[in-house]
1. Between residues in segment 139-160 that are within 21 Å of Leu256 (Cβ to Cβ) and residues that are hydroxyl-bearing (Ser, Thr, Tyr) and open to solvent by 10 Å² or more (accessible area, probe 1.4 Å), which pairs lie under 7 Å by C-beta distance while being six or more apart or on different chains?
2. Residues that are under 16 Å from the mean Cα position of the chain (by Cα) and over 17 Å from Asp336 (Cβ atoms), at least 1 per element: which strands (runs of 3 or more DSSP E) completely within segment 166-270 meet that?
3. Looking at the structure I just gave you, is Gly78 over 22 Å from Arg188 (Cβ atoms) and either touching a Ser or Thr at 6+ places or on another chain (Cβ under 9 Å) or open to solvent by 20 Å² or more (accessible area, probe 1.4 Å) (or both)?
4. Within the set of pairs 6 or more residues apart or between chains, which connect a residue that is within 18 Å of Val355 (Cβ to Cβ) and open to solvent by less than 10 Å² (accessible area, probe 1.4 Å) inside segment 246-266 to a residue that is of a type in the set (Ser, Thr, Tyr) and part of a helix (DSSP H, G or I) with Cβ atoms less than 9 Å apart?
5. Looking at (1) open to solvent by 40 Å² or more (accessible area, probe 1.4 Å); (2) within 24 Å of Pro74 (Cβ to Cβ); (3) small (Gly, Ala, Ser), which is the one condition that is false for Gly206?
6. Name the single residue, out of those in segment 277-290 being in contact with a helix residue (DSSP H, G or I) (Cβ under 8 Å, 6 or more places away or on another chain) and open to solvent by 10 Å² or more (accessible area, probe 1.4 Å), that is nearest to Thr254 (Cα to Cα).
7. So Glu123 passes all but one of these: (1) modelled with pLDDT under 95; (2) surrounded by 15 or more Cβ atoms within 10 Å (Cβ to Cβ); (3) part of a loop (DSSP other than H, G, I, E, B). Which condition number does it fail?
8. Can you pull out every residue in segment 89-104 that is open to solvent by 20 Å² or more (accessible area, probe 1.4 Å), closer than 12 Å to Val134 by Cα and out of contact with any helix residue (DSSP H, G or I) (no Cβ under 6 Å at 6 or more places or on another chain)?
Amino acid sequence: MAGGPPNRLGFWGSTVLGAIRNSQRKRLIGGLLALALAGCTTVGPASEDLTGIEAALGEHIAVLSAPEYGGRMPGSAGGVATQQYIIAALESYGFQPGMRGKWKQPLTVPAQRYRDMQVDVSEGVTGLLSANIVGVLPGLVPDSGAVVLLSHWDHLGMCGPPAAPDRLCNGAVDNASGVAVTLEVARRIAAQGPLERDLYIVATTGEEAGLVGAEAFADDPPAPLPTMVAAFNLDSVAIAPRGAPVAVIGWGRTPLDAGIAEVIRVEGRRLSVRKEQDRWVPRQDAFALLKRDVPAVLVSSAFADEKRLGQFIDSDYHRATDEWGEDIELGGAAQDMLLHVALLRYFGSTVLYPVGEE
C-alpha cells in the first residue's frame, strides 16, 4: 500500500527547502513528514488496524518462543532455526543479504558468560558458534548513507535453578517481541517501497552475554560506520498497552532528538524523557554503535512505562515464565511498529533529514 514515488517528494521538497530560511524549513519538514506518512498509511496513524498488527506480532512471537526453538540459545539447534526463520522472512519481503553478499555474520559467543547466569552449557565448551543476521533493502539515492534497525534474536535456552520444574527460558518478551516488531517494520517498508537511504535490518546474537553480536557488527560493519545516519534498537517491546508514551534511551546523546520528537508528534504519540532512563543506555545493543559515534538509540513504549517494565523484570525476566500466551500485552508494541516505520522513513529520507545541515 505504497504512497507516491519517493523521488517525487524529493524533487519538490529539495527545491522548496533550498529557498527558505531555517525557521520556515522546520515547519515545512513537519508538513512533508505528515504527507509522507499519510501516503504510507491509510489516512493517518489513527486509522491503522492495531488489532491486525498485534495478531501479526503474536504469530512471530509464538513461533520464536515455542519449545521447538529451545530458548534460542546461541550455538544450539534452536539458535540455528531462529536464524533461518529471520532469513526466510527478510528474503520473502524482498531484502537482500546485507553482509557483503551473505546473510550471516559468524562469530563466537563466550560460553562462560552464560554459566555465570546459571545457563546450561556443556563442560569444556569455551565458545558458542553463532551468527548475526544482516539484510539490506538498497536505497534509491546512491551514496546517501544508511539507517539501521537492530534487535537481538538470542535468549538463554535452559536456565535457572537445576531443581526447577520448568527450566526452558523461552524469551517471548525478551526478545522475540523485538524481533517480531523488527520483521513487521521490514515487511511494511519493503511493501511500501524502499527508502532513499539503504536500510539495514540486523538481528544480533549474544546480547544476553554482553552485547557480543552488536559489538561484532560495530567492529566489522557492512557499510562504514560514519555513513550510518541513524540506528534504532528494539528490545523487550511487549510491555506497555496502547496509548503509552514513548521513551528514548539515549536522549541527549545524538543529533536525532529533534527528528524523533517530530515523528512522535506527527504519529500522535507522547514523548516521555526522564533522567533515570539513562541507566538502560549501556544495557542494550544500540550502545555498541553509540560509543563508536553512530547516532543510535532505543525508542520504545516499554521503557516509558516504568511500573510495567519493573513488574516484568521482577517476575518473568530471564525466567521460564517469559513465554508466549494470549495475555501478552502487544498494544504498545503494535504502535511502536508503526512509529519505527515512520522513524525510518524520516531518517531514511535525504529531504526530511539532510545530514550535515542545521
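The values are calculated or read from the model by the stated rules, or taken from the named source; none is laboratory data. Just so it is clear, the structure is predicted and the values come from calculations on it, not from any experiment. Backbone-built Cβ (ideal geometry, glycine too); neighbour counts: all protein chains shown. Calculation scope for accessible area: heavy atoms of the full protein, side chains included, ligands and nucleic acids excluded. Shrake-Rupley method; radii C 1.70, N 1.55, O 1.52, S 1.80 Å.
1. From segment 139-160, the pairs are Val141/Thr350; Ser144/Thr350; Gly145/Thr227; Ala146/Tyr200; Ala146/Thr227; Val148/Tyr200.
2. Where strands (runs of 3 or more DSSP E) fall fully within segment 166-270 and carry at least 1 residues being under 16 Å from the mean Cα position of the chain (by Cα) and over 17 Å from Asp336 (Cβ atoms), they are 198-204, 228-234.
3. Spelling it out, it is not the case that Gly78 is over 22 Å from Arg188 (Cβ atoms) and either touching a Ser or Thr at 6+ places or on another chain (Cβ under 9 Å) or open to solvent by 20 Å² or more (accessible area, probe 1.4 Å) (or both).
4. Pairs found: Gly259/Tyr346; Ile260/Tyr346; Val263/Tyr346.
5. (1)
6. Leu290
7. The failed condition is (2).
8. Scanning segment 89-104 gives Glu91, Gln96, Pro97, Arg100, Gly101, Lys102, Lys104.
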